[in-house]
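Worksheet: one structure, shown below.
The values are calculated or read from the model by the stated rules, or taken from the named source; none is laboratory data. Bear in mind the structure is a predicted one, so any value in this text is a computation, not a measurement. Note that we place each Cβ from the backbone using ideal geometry, even for glycine, and neighbour counts take in every protein chain shown.
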Amino acid sequence: MSRFHFYRPADGHRLPHDPLNAIVAPRPIGWISTLSETGVRNLAPYSFFNLINYTPPLIAFSSSGWKDTVANIEQTSEFVWNLATRAQAEALNASSASVEAEVDEFDLAGIAALPSSVVKPDRVAGSPVHFECRLTQLIRLQNKEGETLDQWLVIGEAVGIHIDEAMLDNGIYQTARPRPITRGGGPADYFEIGPEALFRMKRPD
């Protein structure tokens, strides 16, 4: 019979490191580019991120604290999600540095930019997929008692999507081909998705 480590989160996990983000993992990465009202570019990764709706296409990410990314989106209602890949993992990590709002993380991380087609923030050159997004909801999260948290949920609708055609086979997007990276747990764990991880199951009729 299995033995379970049980804890109530409010009382602490009693482990060397909080296991929560290692359990709900790996998670796709929200590599978000924004532009401030004064024209300063911002680029930052968020590990609490996902696609949450097909039609219209909605993506969401959560920010711990009121960061430059969230402030820029509140001001402009625009952002770009850039697919993070193994080839750009080190640049993505560099863009996560805590710096002043006037610092351009594209320049800081040595990342070239591409212009967007619908929104103003730049896209990450070298990333094979970009979602140009407009804000639909900015929500301050609450706990079960209804107390507000310093945690902000951003939901955006993809109004323009760019896909590197090299990622397509007969028009079908190949998920593993760009070697996307995902976030694991702990301070440094990431996972690379490759074709060797693929298995298929069809839904029951």
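Observations, loosely collected:
- Residues that are in contact (Cβ under 8 Å) with a residue 60 or more places away in the chain and under 16 Å from VAL40 (Cα atoms) were ranked within segment 79-102; the one that is surrounded by the fewest Cβ atoms within 10 Å (Cβ to Cβ) is GLU102.
- Test: THR76 is touching a residue at least 40 places away in the same chain (Cβ under 8 Å), out of contact with any Cys (no Cβ under 6 Å at 6 or more places or on another chain), within 21 Å of ARG134 (Cβ to Cβ) and not small (Gly, Ala, Ser): yes
- Screening SER63 against (1) under 17 Å from GLY185 (Cβ atoms); (2) small (Gly, Ala, Ser); (3) in contact with a strand residue (DSSP E or B) (Cβ under 7 Å, 6 or more places away or on another chain) leaves a single unmet condition, (1).
- Residue in segment 116-130 that is surrounded by the fewest Cβ atoms within 10 Å (Cβ to Cβ), counting only those that are among the hydrophobic types (A, V, I, L, M, F, W, C) and within 19 Å of GLN75 (Cα to Cα): VAL118
- Enumerated helices (runs of 4 or more DSSP H) restricted to segment 26-140, each holding at least 3 residues that are more than 22 Å from THR182 (Cβ to Cβ), of a type outside the set (S, T, N, Q) and modelled with pLDDT of 95 or more: 68-76, 105-108
- Residues located in segment 171-192, provided they are touching a residue at least 60 places away in the same chain (Cβ under 8 Å) and in contact with a strand residue (DSSP E or B) (Cβ under 9 Å, 6 or more places away or on another chain): PRO178, ARG179, PRO180, ILE181, THR182, ARG183, GLY184, ASP189, TYR190, PHE191, GLU192
- Qualifying residue in segment 5-25 (condition: under 26 Å from ALA176 (Cβ atoms), of a type in the set (A, V, I, L, M, F, W, C) and not in a loop (DSSP other than H, G, I, E, B)): yes
- Residues in segment 108-115 include none that are surrounded by 13 or more Cβ atoms within 10 Å (Cβ to Cβ), within 29 Å of THR175 (Cα to Cα), free of Cβ contacts under 8 Å to residues at least 60 places away in the same chain and touching a His at 6+ places or on another chain (Cβ under 6 Å).
- For segment 160-205, a residue qualifies if it is among the aliphatic types (A, V, I, L, M) and surrounded by fewer than 16 Cβ atoms within 10 Å (Cβ to Cβ), and the qualifying residues are ILE161, ILE163, ALA166, LEU168, ILE172, ALA176, ALA188, ALA197, LEU198, MET201.
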